[in-house]
Each structure stands twice: as C-alpha cells, then as structure tokens.
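Taking it in order: structure first as structure tokens, then the write-up.
The values are calculated or read from the model by the stated rules, or taken from the named source; none is laboratory data. Everything quoted here is computed from the prediction, not taken from an experiment. No Cβ is skipped: glycine too gets one built from the backbone with ideal geometry, and neighbour counts run over all protein chains shown.
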Amino acid sequence: SGSLCIGQIIGFIIGAVSPIQKLMVGDDAPLRAIIKSIALVGEGTIVSMTLIVGANLLDGLKQSGISWYLIIGITVVRFILSPLLGVLIVKAAYYWGLVGSYNLYQFVLMLQYALPPATSVGTIAQLLGVAESECSLIMLWTYAVSTFTLTLWCTFFMWMLD
C-alpha cells in the first residue's frame, strides 16, 4: 500500500503542477510516452489480478479449511443485510437533504451496497500472503450468489425509486 500512496502522490503532482502537466499530458507533450507507458502497465493489472484470484481459487477449492457456515454467513451479510442498510442510509440522507431527489443518483448509491466484494481484496491477500485460498473461495461464492441477488436488488431499487 506504500507504493500505491506514492503513485497517487506522483499522479497528483503531475496533474496539479502546470509545467509538469504540460510536459507529460496531452497529444503534443514531449514526455507523453511516459504517461502512455504507465497507462499500458495499468491496463495489464486487471488481467494480472484476475489470474491471481483464479490461481488462489484453485488452491482454495483443494485445501481450504473454511466452514460452510462462514461462507453462508458472509453471503447473507453481504447480499441481504448490507443492501437493506444501504436503503436505510440513502433514504435517511434523502430525508435530511444530504442527497438530491435525482433517482439515478440514489439508485447508484444503493447499488454500491449490493455489489460483490472487489477483486482487489483477493490481490491484497495474495500480496500479503495471508488467507489467499480462503479469500478466493469466499469471492467465488459471493460472485456466484451475486448473479441472482444483484438482479433482485436492482429490481427492488428501481421499483422503490419509481
């Protein structure tokens, strides 16, 4: 996470300091190859993260000692309790005037509570070398369940906001 923070700071400096920005950003910038190279490497990280999660999943299916009750509990919290909490939070924010009346905005805010976990969690587990197979196995089941629950929650959110 230290290199991520350093990368964010460097990106902020490039974007905020006008002379550096003119050197690196734009079609006529003399150092635009640096930004294009960084973008190419960044696009490759998505594929790398998917391969890491897949490799961990293979190990998790073979040797994970995780309980089925834990997987079911995580799935219930992630796809039933979390979206219900999201509805309450968004509706409370709307009631107190913190969120506007634009329905699409409220829908997206509620949708965030119904989505499966990010693959970056599995990548972080792999990089730290802690609970890689367990994390991947949990992600397998949450993504499998999310194909059904996400459809149901999206339908409910649209019905509620209509």
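Results, tabulated for the structure shown:
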item: Positions within the stretch 1-29 being more than 30 Å from Leu128 (Cα to Cα) and surrounded by fewer than 10 Cβ atoms within 10 Å (Cβ to Cβ), in sequence order; result: Ala16, Ser18, Pro19, Asp27, Asp28
item: Residue in the stretch 141-151 that is farthest from Val77 (Cα to Cα), counting only those that are among the aliphatic types (A, V, I, L, M) and buried (at least 17 other Cβ atoms within 10 Å of the Cβ); result: Leu150
item: When residues of the stretch 1-51 are limited to those that are of a type in the set (Ser, Thr, Tyr) and part of a helix (DSSP H, G or I), the one nearest to Val121 (Cα to Cα); result: Thr50
item: Residue that is under 17 Å from the mean Cα position of the chain (by Cα) and part of a helix (DSSP H, G or I), where the choices are Ile71, Ile89, Ile124; result: Ile124
item: Conditions (1) among the aliphatic types (A, V, I, L, M); (2) farther than 30 Å from Ala131 by Cβ; (3) surrounded by 14 or more Cβ atoms within 10 Å (Cβ to Cβ); (4) modelled with pLDDT under 85; number of the one not met by Leu40; result: (3)
item: Near pairs, Cβ below 6 angstrom, 6+ apart or cross-chain, from the stretch 136-156 (within 14 Å of Leu70 (Cα to Cα)) to any residue that is in a helix (DSSP H, G or I) and among the small types (Gly, Ala, Ser); result: Ser136/Gly60; Ser136/Gly122; Leu137/Gly60; Met139/Gly122
item: Gly129 on the phi > 0 side of the Ramachandran plot, modelled with pLDDT under 90 and surrounded by fewer than 14 Cβ atoms within 10 Å (Cβ to Cβ); result: yes
item: Residues within the stretch 77-93 that are basic (Lys, Arg) and within 20 Å of Thr147 (Cβ to Cβ), tallied; result: 1
item: Single residue of the stretch 94-113 satisfying the filter (over 12 Å from the mean Cα position of the chain (by Cα) and surrounded by 15 or more Cβ atoms within 10 Å (Cβ to Cβ)) that is nearest to Met158 (Cα to Cα); result: Phe107
